[in-house]
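What follows is calculated from the coordinates using simple rules that are stated; it is not laboratory data. Not measured: the values here are computed from a predicted model. With ideal geometry, Cβ positions are generated from the backbone for all residues, glycine too; neighbour counts draw on all protein chains shown.
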Amino acid sequence: MPAYNVAHVLGAALASVLAQTYKKIEVILIDDGSTDGTHEVARSITDERVRCWRNMKNLGEFQTMNKAVSLARGDLVAIYHSDDVYEPTIVQKEVTYLLAHPEVGALFCMDHFMDDMGHIFGGTNLPAEFLGRESLRYEDVFPFLVRHKNVLFRCPTFMARREVLDAAGPYDGDRYSIAADLDMWIRIVRQCPVGILNERLVRYRVGKGQYSTRYNYLRTEPEQFFLIMDRYLTEDAWQSKLSRTDLSEYAFHRCDDETFRAINWLLKGDPARAAELLRHGYTWGALRRMPTLRKIRLLALRFLLWLAVQLRPAGWLKRLLHHLAYRRRSVPC
């Protein structure tokens, strides 16, 4: 459990892990150079199953995860979040599944969404096409990621066999930043099947202090998701294996990201760069093949953005674009 400036929620996260029905655990907590009271909260834990370390300077989430994995002594390793709350049976159910399915290298489950006040306001379900499946292979997973992005692997629910983590290698946070976990999961599923429990066994905290929220705010660089996917599209020759619908959906996601970045350029006072991204055009093929309300909304959003670029400056329109662009990113995907 890496922890950085989470003094106000760390106690609840640790308490939920220590209250697990499966008792044979060790908790490796690493304070990643926090500047609040995180270290003091960690030191106050007296449960002998908790082992605490502190990075004297901030190394980043994924470097800290790599350090935690190297310190783990168990045959099964789970990487949980320091700001989420875990249901008391998550470890028991994940361990039971992995022991019963020796061919599966890693496991995930579904999650609830929880606001900063601790109120649950929704959650995830296993996609219908995977219901009833004992496990998923690379051939199942990668086309799904192309079509839908990562609405499949819930990061704070991850548990894997130690030998699988060793074979996959460390998280590459330097290369992939916030998306290094997706790269890890693709590397794992390339070598062995993964499982997903269709149960919500964690309360995933969504708020302004969340890493992904900070990452996306006024972001003008392409989303790291595409860097990872483009790599494996090329390395594993997926272009010849994917359908036209798969590829058009992927193009839509890129168009969606470019639109978001264009809005951010406008909000940062650079309409010329916003216009440059708009010139890449809308993915009409994706709308024709699979019309959805989300695609129609994006088309409308692009029109408003074009209007804002032409009418510069138009404060009310910028405020509207900010509201529309960030409202749909307030719930994690």
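At a glance:
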read-out	value
Between 0 and 90°, nearest 10: helix 244-267 axis offset from the chain longest Cα axis	80
DSSP-defined antiparallel bridges as percent of all bridges, the chain, nearest 5	45
In degrees, nearest ten, helix 315-327 long axis to first principal axis of the chain (Cα)	40
Dipole of the chain [Lys/Arg +1, Asp/Glu -1 at C-beta], most positive-end residue of THR96, THR35, TYR215	TYR215
Shape category assigned to the range 170-266 from the gyration tensor of Cα positions, a/c cut at 1.5	oblate
Radius 11 Å from Cβ of ARG288, net charge of other residues (Lys, Arg +1; Asp, Glu -1)	+3
Cα gyration tensor shape of the range 243-327, rounded if a/c is under 1.5, else prolate or oblate by comparing a/b with b/c	prolate
Which label in [x] 63, 46, 33; [y] 59, 41, 37; [z] 102, 50, 34 gives the computed Cα extents along the principal axes in Å	[x]
Cα pair count fraction exceeding 18 Å, expressed as % - the range 89-168	51
Between 0 and 90°, nearest 10: helix 61-71 axis offset from the chain longest Cα axis	20
Normalised contact order of the chain, rounded percent, pairs of Cα under 8 Å and 6 or more residues apart	16
Expected 222 nm ellipticity per residue - DSSP helices of 4 or more, -39500 (n - 2.57), all of the chain, to 500	-14500 deg cm²/dmol
Cα centre as origin, Lys/Arg/Asp/Glu Cβ charges: the chain dipole, Debye	1260
Distance between the range 245-262 and the range 98-128 - C-alpha centres, whole angstrom	26
Bins of 10 Å from zero: percent of alpha-carbon pairs in the range 243-291	29, 41, 23, 6
